[in-house]
Amino acid sequence: MIIDNSFSHITPVAWLISKLLSVQGLYEDSIRYYVRAVSMNPKADNAWQYLRISLGNASRSDMIAACDSRNLDVLQKEFPL
């Protein structure tokens with residue numbers, strides 16, 4: 001198993017689930033786990049980038065501004081886990 005060490009500082013389970021869901025094209029579901037991951041470590045820049053990509057792939061452009069401004073309150077309300 002290859003481990004992406006750039007994410008070792010965020011919740012491994014949330015990160016792993018979000019990546020697995022994204023790979024399967026389940027973007028709306030992956031968003032919830034990316035939101036969980038960034039809520040546990042808001043400084044995880046790469047996780048924010050992947051969250052933004054999943055938002056775009058899920059046609060949730062209405063939430064991209066919240067992602068870009070790192071507004072966890074809005075994201076957690078829209079994508080509860």
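Computed from the coordinates by the stated procedures, all read-outs in this text should not be read as laboratory data. Not measured: the values here are computed from a predicted model. FYI the Cβ positions are ideal-geometry reconstructions off the backbone, even for glycines, and counts take in every protein chain you see.
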* To do: Name the residue farthest towards the positive end of the dipole of segment 8-78 from the options L21, A37, L72, assuming +1 on Cβ of Lys and Arg, -1 on Cβ of Asp and Glu, about the Cα centre.
  => A37
* Asked: Rg and Dmax of segment 8-78, using alpha carbons, in Å: what are they?
  -> 10.6, 30
* Asked: Among 25-34, 63-72, 43-52, how do they line up from the highest to the lowest mean number of other beta-carbon atoms within 10 Å?
  -> 25-34, 43-52, 63-72
